[in-house]
Every structure is written in structure tokens, then in C-alpha cells.
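Down below is the structure, laid out as C-alpha cells.
What follows is calculated from the coordinates using simple rules that are stated; it is not laboratory data. As the structure is a prediction and not an experimental result, all values here were calculated from the model. We place every Cβ from the backbone using ideal geometry, glycine too, and count neighbours over all the protein chains shown.
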Amino acid sequence: MNIQITFRHIPSSSALKQYAEEKITKLIKTLKEPVEVHIIFTQEKKANTVELTLKSAGKELYVKEQGLDMYAAIDLIYDKLDKQLTKFKEKKKKHTGNTSMKHPPKEEVPADEDEVMVIPEKDYFVRPMTTEEAVLQLDLSENPFIVYLDAGDEKINVVFKRDDGHYGLIETGARYR
């Protein structure tokens, strides 16, 4: 974690620095990626302004607030940044999601072991799309795979999430029509 603090038109204050670092450290300790924070304290006439830029995991969050004094502005920044980080984490959780399929509870195996029971999960509509569109759909869905009709060659393909975080592609070679 890297925190930079800049003072514009105001003398440097170690107490203000320490207060800002403590508040921001509370918020960002849950982020696992490398975090860079830049805080700018500005005083112009009677306006006390605090700007904060947080960079983590390829995302950049920006917050700017004015307060009666710098400490009040830091508290306002803390509240706004907390809301933004909560949204960021929820989005990330949605996109990462749970990779396990949701299955109904397993039923008991029939006494006759030669008999195989197939339990339909749901109807599945195969849509024409490109592989890139299928990957995007996969990211938005909770399913661990997407069956789709390749828009270019009209063959049925499957895109799935791999354990290493990448995507796998199964080209069945079967034509839809």
C-alpha cells in the first residue's frame, strides 16, 4: 500500500497526515491487490478541500469533498469512499460469482444399478453469437458454461470457466440446422 499526501496552499501537518492515513487504512485493508492512494489537501480562501484518488486492481476511484475544516472533509471523504468501495466489491463479487452449478438435492440411487436416472435442469435455448459474446454472457451469468451457436460457422460450441481463471472452448463440430 502506497499513500501519497500533498498539501496545496496550506502548511504541512503531521497530525492531519496521520488522521487521513488512519481513516483510509481502515477502508482499504480489505483490498488484496496493490493499492495506491493520493490525497491532496487544498485551502483556497475559506474553502478546505480534500481530494482522494485510489487505484487498485485496474480501477480508479476518485472522491472530492469540502468541509468546514480538513478533518470534517476527511470524514466526508471516508463516507463517500466507503460507499464506492462497497459498490466495487459487490460488482466484483457478481462478476466472479460462485462457479459451482446449482443442482437440486441428489435423489437416492435406484436399486437397479443398470437403470440411469436423468434429471432435467432447465430448458436451454441456443443463441447465435461469437465466442467473445459467449464469454461476456458467461461472465454475467451464474452458470459455469454457455452453449451457443457460433455466428460464423453455425456450429454448436461450449465456453466454460476453467479452474485457473481462464476460459475453455469446446468446438463440437455439430451443425445446428
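Using Cβ contacts closer than 10 Å as the measure, can you line up LYS45, LYS80 from fewest to most? Could the numbers behind the result be given before it?
Working: LYS45 6, LYS80 16.
With the fewest neighbours first, LYS45, LYS80 line up as LYS45, LYS80.
Amide H to amide H, with H built 1.01 Å from N, ILE3 comes under 5 Å of VAL37, counting only residues 5 or more places away or on other chains. Only the Cβ atoms of Lys and Arg (+1) and of Asp and Glu (-1) were treated as charged; on that basis the dipole of region 2-96 about its Cα centre amounts to roughly 500 debye.
Given the pairs LYS17/LYS91; LYS29/LYS91; LYS55/LYS80; LYS23/LYS161, which span a C-alpha to C-alpha distance of over 27 angstrom in this model? In this structure, LYS17/LYS91; LYS23/LYS161 exceed 27 Å between Cα atoms.
Inter-label distance, LEU76 to LYS59: 2.4 nm, where each label sits 7 Å from its Cα along the C-beta direction. Here the extension length gained between TYR167 and LYS83 equals 27.1 nm, from 0.36 nm per residue of separation less the Cα-Cα distance.
Annotation: extensible slack from PHE160 through ILE10 equals 48.5 nm (criterion: 0.36 nm per residue apart, minus Cα-Cα distance).
Could you give the length gained by full extension between ALA47 and LYS26, i.e. 0.36 nm per residue of separation minus their alpha carbon distance, to one decimal place?
Between ALA47 and LYS26, full extension yields an extra 4.9 nm.
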